[in-house]
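Notes to accompany the following structure.
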Amino acid sequence: MNVHALRQEDIVEACARELTEAHRVGLANAKAANFEGISRADALRIQTRVLDRLGEKSNVCKVGINAEGLGIWAPIPSTHCGVSGHVFDLPGTGFLGLEVEVAARLSRDITPDIAARGNEAVLAAIESFHIGIELVASRFEDRNSASPFAQLADGINTFGYVHSEVPYSRGHDISESLVEIFINDQPLKPELGASAFGSILNPIVACGRIEERDFDCLKGGMLVTTGALSGLIPIDRPVRIRAGLAGFEQVEFLLR
């Protein structure tokens, strides 16, 4: 290994240690400047090392598409995931709010070969779709200064996920869907739902093209959440949340 590679490995290890400690203490105290110079591949490696250092597993992941049109993903620790009715502890700092999403339950692995064959091949690897809520947080004390790759290393600003076990009967069709959110039983103004990626299948296909996989977010059995259907709802206190798409079973959780 050359000197540059050794230096980059040191950076990856240092970033993983810093994020691991932030997770353990539940504080947004990582420094964005320490993540300068990492690549997309570095960020994905850092995610895996943080998961390993925490002794965590993951059966839920978040997918997206970055500004360069490439797939990005982040495993969500299993201890921060649950089904409707789950209770979450509010982190000490860094909690941003929630987003309503639709996730896909994979029946088998989505490999680069399957992704290359497009939407129909990817759909054949999906067992069911489920409405869910992503809890959004950052481990950076200066999140607005963090580069896109730094935020990728930090799990794309994810904290946890809760979903309905009842399948969403419209599958990947979210056209004309209305996002409903209740905070302590008080309704917010409903919003028309839409994917920032054009279709909720597009980020799954983009991530299916990832060749090098330290942690494979597209293994059979994974629940893969596909991005917000409306804007981030800021939350800064303990609350009871009920949310989903109009006409379908809602997802509930308590943030204490």
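Taking springs between alpha-carbon atoms closer than 10 angstrom, which of 151, 186, 47 fluctuates most in the Gaussian network model of the chain?
Top of the fluctuation ranking is 186.
Calculate the length of the line joining the C-alpha centroid of region 193-256 to that of region 110-151, in whole Å.
Taking the Cα centre of region 110-151 as reference, the centre of region 193-256 is 8 Å away.
Over the chain, what is the percentage of antiparallel beta bridges among all DSSP beta bridges, to the nearest 5? The partial results should precede the final answer.
Working: 41 of 51 bridges.
The antiparallel proportion sits near 80 percent.
Taking springs between alpha-carbon atoms closer than 10 angstrom, which of 121, 28, 104 fluctuates most in the Gaussian network model of the chain?
It is 121.
All other residues with a Cβ under 14 Å from the Cβ of residue 141 taken together, and with Lys, Arg as +1 and Asp, Glu as -1, what is their net charge? Show your work: numbers first, answer last.
Values: positive: 31, 139, 143; negative: 18, 21, 142, 154.
Overall, the nearby charge balance is -1.
Between beta-carbons, use under 14 Å as the cut-off and find the net charge around residue 237, counting Lys and Arg +1, Asp and Glu -1.
Overall, the nearby charge balance is 0.
Can you give the local net charge around residue 178? Use residues other than it whose beta-carbon is closer than 12 angstrom to its beta-carbon, Lys and Arg +1, Asp and Glu -1.
That sum, taken over residues with Cβ under 12 Å, equals -2.
So what is the calculated 222 nm ellipticity per residue for the chain, using -39500 (n - 2.57) for each DSSP H run with n of 4 or more, over all residues, to the nearest 500 deg cm²/dmol?
-7000 deg cm²/dmol
Put +1 on the Cβ of every Lys and Arg and -1 on every Asp and Glu Cβ in the chain; which of 227, 92, 11 then has its Cα farthest towards the positive end of the dipole?
The one lying farthest along the dipole's positive direction is 92.
Kirkwood hydrodynamic radius (Cα pairs, Å) of the chain?
Mean inverse Cα-Cα distance, inverted, gives 18.4 Å.
Please compute P(r) over all alpha-carbon pairs of region 58-156, binned at 5 Å starting from zero, and give each bin as a whole-number percent.
Cα pair-distance distribution for region 58-156, in percent: 2, 10, 17, 23, 19, 14, 9, 5, 1.
Would you please state the base-10 log of I(q)/I(0) at q = 0.12, 0.22 1/Å for region 1-137, with intensities from the Debye formula using one equal scatterer on every alpha carbon?
-0.62, -1.50
Write down the accessible area per residue of the chain in Å², having rolled a 1.4 Å probe over the full set of protein chains.
With all protein chains present, the chain gives 45 Å² per residue.
The values are calculated or read from the model by the stated rules, or taken from the named source; none is laboratory data. Just so it is clear, the model here is predicted, and its values are computed rather than measured. In this analysis, Cβ positions are derived from the backbone assuming ideal geometry, glycine residues included, and neighbour counts consider all displayed protein chains. Ligands, DNA and RNA are excluded from the accessible area calculation, which covers all protein heavy atoms including side chains. Shrake-Rupley method; radii C 1.70, N 1.55, O 1.52, S 1.80 Å.
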